[in-house]
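> So that we are looking at the same thing, I have put the structure below in structure tokens.
The values are calculated or read from the model by the stated rules, or taken from the named source; none is laboratory data. Please read all numbers here as calculations on a predicted model, not as lab measurements. When we count neighbours, we look across all protein chains shown, and the Cβ atoms used for this are built from the backbone with ideal geometry, even at glycine. We work out accessible area using only protein heavy atoms, side chains counted, and drop any ligands, DNA or RNA first. Shrake-Rupley method; radii C 1.70, N 1.55, O 1.52, S 1.80 Å.
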Amino acid sequence: MTPRWLLTIDRLSGVVGQAFAWLIVVLTLSITYEVFARYVLNDPHDWSLNAQVMMYGTLFMMAGAYTLSTGGHVRGDVLYGFFRPRAQAAIDLLLYVVFYLPGIVALTWAGWTYFQDALAIREQTFSATPLPLYPFKFVIPLAGALLLVQGLAEMTRCVLCLRRGQWPPRLHDVEEVDVDKLRAMVHVDDATPSTGASAAQGDR
């Protein structure tokens with residue numbers, strides 16, 4: 001059984017990630033309008049590219065904790081999947097302690113300093129129509145803090161797996177469709193008549 005507080009952290013990461021995922025829609029509409037304005041109306045906007053870069057950067061950063069909570073990050077070790085859960089947990093815990101935690105703490109600390117410097121001078125983009133840049137830089141420590149909390153939750157999962165010998169369950173989320181499983185679910189043997197067809201033949 002997964003501790004409730006672990007699932008609460010997963011839900012937090014999920015809510016934040018799914019909320020910022022709507023930036024995909026905003027970004028798509030923004031790019032579409034800018035292409036229309038540039039090539040049809042002949043009226044491009046100098047601030048558009050900066051806004052799009054900031055939206056994409058925000059989306060990328062704020063999706064990190066959500067992706068980690070669902071186990072969606074790419075793994076480069078092809079042998080990992082063949083290990084038993086306890087071996088996987090030991091490897092994960094070692095990597096979290098040696099690499100993940102120091103890197104995320106450094107990201108959060110440096111990002112906060114980076115944001116404070118930008119806020120102090122009310123930093124803006126270098127364009128004819130400048131956009132405020134310091135709110136975007138606040139995303140760095142915010143995303144780092146979420147990744148840090150989610151990382152601690154993942155380390156706890158590793159410890160639980162080492163004790164129990166199996167991974168604690170995660171919250172279920174949208175997954176890619178497995179075509180083979182879907183085909184097996186809806187497969188109907190042509191040689192076996194359906195119930196409706198049998199009943200119809202019996203009436204005759």
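Residues checked against (1) open to solvent by less than 70 Å² (accessible area, probe 1.4 Å); (2) touching a residue at least 60 places away in the same chain (Cβ under 8 Å); (3) in a helix (DSSP H, G or I):
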| site | (1), (2), (3) |
| --- | --- |
| LEU6 | yes, yes, yes |
| ILE9 | yes, yes, yes |
| GLY17 | yes, no, yes |
| ILE24 | no, no, yes |
| LEU29 | no, no, yes |
| PHE36 | no, no, yes |
| VAL53 | no, no, yes |
| LEU59 | yes, no, yes |
| GLY71 | yes, yes, no |
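> Restricting the search to segment 41-51, which residues are of a type outside the set (A, V, I, L, M) and either touching a Gly at 6+ places or on another chain (Cβ under 8 Å) or open to solvent by 30 Å² or more (accessible area, probe 1.4 Å) (or both)? Talk me through it step by step, then tell me what you get.
Quick first cut of segment 41-51, residues of a type outside the set (A, V, I, L, M) only: 42-48, 50.
Within segment 41-51, ASN42, ASP43, PRO44, HIS45, ASP46, TRP47, ASN50 qualify.
> A further question follows. Report, by residue number, each residue of segment 5-19 that is within 16 Å of MET155 (Cβ to Cβ) and of a type in the set (D, E, K, R).
Selection gives ASP10 alone.
> Among the listed residues TYR134, TYR114, which satisfies the condition of being over 21 Å from TYR66 (Cβ atoms) and in contact with a Leu (Cβ under 9 Å, 6 or more places away or on another chain)? Break it down into steps so the answer makes sense when it comes.
Numbers: TYR114 fails: in contact with a Leu (Cβ under 9 Å, 6 or more places away or on another chain).
Step by step, each of TYR134, TYR114 is checked, and only TYR134 is over 21 Å from TYR66 (Cβ atoms) and in contact with a Leu (Cβ under 9 Å, 6 or more places away or on another chain).
> Working carefully through the options ASP117, ASP173, ASP203, find the one that is among the acidic types (Asp, Glu), at pLDDT below 90 and under 30 Å from LEU12 (Cα atoms). Don't jump to the end; show me each part of the working.
Values: ASP117 fails: at pLDDT below 90; ASP203 fails: under 30 Å from LEU12 (Cα atoms).
Among ASP117, ASP173, ASP203, only ASP173 is among the acidic types (Asp, Glu), at pLDDT below 90 and under 30 Å from LEU12 (Cα atoms).
> I'm checking my understanding of the structure. Among residues of segment 111-129 that are open to solvent by 50 Å² or more (accessible area, probe 1.4 Å) and touching a residue at least 24 places away in the same chain (Cβ under 8 Å), which one is farthest from LEU162 (Cα to Cα)? It would help to see each step written out before you state the result.
First, the residues of segment 111-129 that are open to solvent by 50 Å² or more (accessible area, probe 1.4 Å): 112-114, 116-117, 119-122, 124, 126, 128-129.
From what is left, the residues that are touching a residue at least 24 places away in the same chain (Cβ under 8 Å) are 112, 114, 128-129.
Values: TRP112: 35, TYR114: 38, ALA128: 57, THR129: 56 Å.
Among residues in segment 111-129 that are open to solvent by 50 Å² or more (accessible area, probe 1.4 Å) and touching a residue at least 24 places away in the same chain (Cβ under 8 Å), the one farthest from LEU162 (Cα to Cα) is ALA128.
Quick grid of which residues meet (1) touching a residue at least 12 places away in the same chain (Cβ under 8 Å); (2) part of a helix (DSSP H, G or I); (3) over 25 Å from VAL25 (Cβ atoms); (4) open to solvent by less than 80 Å² (accessible area, probe 1.4 Å):
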position	(1), (2), (3), (4)
LEU68	yes, yes, no, yes
ARG75	no, no, yes, no
ALA89	yes, yes, yes, yes
VAL97	yes, yes, yes, yes
